[in-house]
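Read the structure below first, then the notes.
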Amino acid sequence: QVQLVESGGGLVQPGGSLRLSCVASGFTFSLATMTWYRRAPGKERELVASIDTGYRTNYADSVKGRFTISRTNVKNTVYLQMNSLKPDDTAVYYCRALYLREYWGQGTQVTVSS
């Protein structure tokens, strides 16, 4: 059974940092492209960052230079380090795995507010 479990969300002040984690199980993690998405209230879901099996990364323009995606295959985990957070980063953040088909986690809430 495939599972993706996100953690690390919370409330942070503008300018602060958070690190999200997504632990995967039930499939060959090292063969999956992993992506973080987010959905803000009243907005459509958007891609935040992705990392493929060759560790190539891709970022939304809105987070370039502030967010870093990484993966540790031995731990079946993908991370999203988020620095210099802004109120516009407030959203539910989802982890997605693409391996033969796509799998999604339940999401973790990130709120950036003073």
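The values are calculated or read from the model by the stated rules, or taken from the named source; none is laboratory data. All figures in this text were calculated on a predicted structure; none of them were measured in a lab. Because the Cβ atoms are built from the backbone with ideal geometry, glycine has one as well, and the counts that use them run over all protein chains shown. Areas reflect the complete protein model, heavy atoms only, side chains present, ligands, DNA and RNA absent. Shrake-Rupley method; radii C 1.70, N 1.55, O 1.52, S 1.80 Å.
Screening Val12, Val74, Val5 for residues that are among the hydrophobic types (A, V, I, L, M, F, W, C) and under 12 Å from the mean Cα position of the chain (by Cα) leaves exactly one candidate, Val5.
For region 2-54, the set of residues classified as surrounded by fewer than 21 Cβ atoms within 10 Å (Cβ to Cβ) and either on the phi > 0 side of the Ramachandran plot or among the charged types (D, E, K, R) (or both) consists of Gly8, Gly10, Gly15, Arg19, Gly26, Arg39, Gly42, Lys43, Glu44, Arg45, Glu46, Asp52, listed by residue number.
Looking across region 55-111, the residues that are open to solvent by 40 Å² or more (accessible area, probe 1.4 Å), over 16 Å from Glu6 (Cα atoms) and basic (Lys, Arg) come down to Arg56, Lys64, Lys86, Arg101.
Residue check: is Leu47 within 16 Å of the chain's Cα centre (by Cα), of a type outside the set (Val, Ile, Thr) and under 29 Å from Gln1 (Cβ atoms)? Yes: the conditions hold for Leu47.
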